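Below: one structure, written as structure tokens.
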């Protein structure tokens, strides 16, 4: 965050006072100027917002300015993420978490995931099969760490944000899958997201093409088996996906059986949040999310 010098600080304070002006044109000019100055002005704005003597109308305006700065920061960082070479899933997920938790810290979340990774690492060795590795994963995440699916209030936004899922140990299909795959990839275990209609699961990739060598591969699919973190890591095969798609009268498209991109995962996350905020009538947040999602389209 940029630290303001004395001159900028005085200017910001003057602009904040002007934001109280009843003339809407003056307010819009002040808002545009403060938003343009960026994240460095937020501490001063927050200090003014918390002033007990400030009028409600003025406080609402200050909050609106803070919110616009934060949304712009999310958009900027998401654009950088989109243009990055690896599109790190955890970083991308936490950019979206800042929509509700502006001060969420990447390092803090990453350290918590490292602790879980360490617990898994202590249990596995090179002799374990892919199936055995997933069983160990499931034991650590769901039995030892206590992660579970959030059956009640399934659509609440808190079930989508990685930082709150880490705290509550409860998540939806997507957030639990993100945690599962991020930890797996930290251990260089090839577990990636599978984006199904109305559902999200994981696939354990067949890196050595074992199925093809045994003559068991279907088409060009390169997944050993599938994992459902929402059901405590239940393992299943592609026949269940085929059955699921047929029940929905959907074609057996290849993209329903293979890993999706991290961009697709973030779009799915934003879609879940949009639906959650629509259900509670948060129209402003829905509009903001739609603007953010455009960056990934």
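Before moving on, here are some points about what is shown:
- Only listed residue being modelled with pLDDT of 80 or more and out of contact with any helix residue (DSSP H, G or I) (no Cβ under 8 Å at 6 or more places or on another chain), chosen from 91, 115, 31: 115
- Residue check for residue 132: over 23 Å from residue 264 (Cβ atoms), in contact (Cβ under 8 Å) with a residue 60 or more places away in the chain and assigned to a helix (DSSP H, G or I): no
Yes/no per residue for (1) surrounded by 17 or more Cβ atoms within 10 Å (Cβ to Cβ); (2) within 26 Å of the chain's Cα centre (by Cα); (3) at pLDDT 95 or above; (4) under 17 Å from residue 141 (Cβ atoms):
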| position | (1), (2), (3), (4) |
| --- | --- |
| 180 | yes, yes, yes, yes |
| 198 | no, yes, no, no |
| 204 | yes, yes, yes, yes |
| 218 | no, no, no, no |
| 228 | yes, yes, yes, yes |
| 233 | yes, yes, yes, yes |
| 243 | no, no, yes, no |
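The values are calculated or read from the model by the stated rules, or taken from the named source; none is laboratory data. Predicted model, so just to flag it, every value in this text is computed and none were measured. Neighbour counts are summed over all protein chains in view; Cβ atoms, including those assigned to glycine, are modelled from backbone coordinates with ideal geometry.
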